[in-house]
Amino acid sequence: MIEVTAFTADVVGMGKIALTWSEADPGSLKSIGIERSRDGIHFEQIGECRQPVNFNYRYLDETADSGCWYYRLRLEPKKGAYSYSIVCQAAVPSLFRTRACAPPLPF
């Protein structure tokens, strides 16, 4: 099982959300897909991460328009089945209103 720690999503500019996380053993990973959703249930892949720097990863989503966004990581090990990280969220403010994010409903 791949362990992701400190997974965060922070708004860093209009339409930009920075995702950061750490992973205890990056050598065990084949790939990490970054997935995004509006409702916290239906996700689509928006990219893959680059090589870590000292076990720390960063991905910048530059296409997040205003509103609430949910993110998760698709972790594919070199051996075995893939798994998903926890879901984190960020709210990009609108010029006209601010919208609060609610956590996705559990399955």
- Rounded to 0.05, the calculated FRET efficiency for the beta carbons of Asp10 and Asn56 at R₀ = 22 Å is 0.95
- With label points set 7 Å from each Cα along the Cα-to-Cβ direction at Ala81 and Glu48, the distance between them in nm comes to 2.2 nm
- Separation between the Thr63 and Ala18 pseudo-spin-labels, each 7 Å from Cα along Cα→Cβ, expressed in nm? 2.2 nm
- Intensity falloff of the range 4-92 expressed as log10 I(q)/I(0), Debye formula with alpha-carbon point scatterers, at q = 0.14 Å⁻¹: -0.45
- Quote the charge dipole size of the range 4-92 about the Cα centre in Debye, to the nearest 20; the model charges only the Cβ of Lys and Arg (+1) and of Asp and Glu (-1). 240 debye
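Of the listed peptides 56-69, 77-90, what is their order by residue-averaged count of other C-beta atoms within 10 Å, with the highest listed first? Please report the intermediate quantities before stating the final value.
Numbers: 56-69: 15.7, 77-90: 13.6.
In decreasing order of mean packing, 56-69, 77-90 become 56-69, 77-90.
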- Highest to lowest packing among 28-35, 42-49, scored as the average C-beta count within 10 Å: 28-35, 42-49
- Name the long-range amide H neighbours of Val12: under 5 Å, sequence gap of 5 or more, or other chain; modelled H, no Pro or chain starts. Ile17, Ala18
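We did not get these values from a lab; they are worked out from the coordinates using the rules stated. What you see is a predicted model, and the numbers here were worked out from it, not measured in a lab. Quick reminder, even Gly has a Cβ in these numbers, built from the backbone with ideal geometry, and neighbours come from all protein chains shown.
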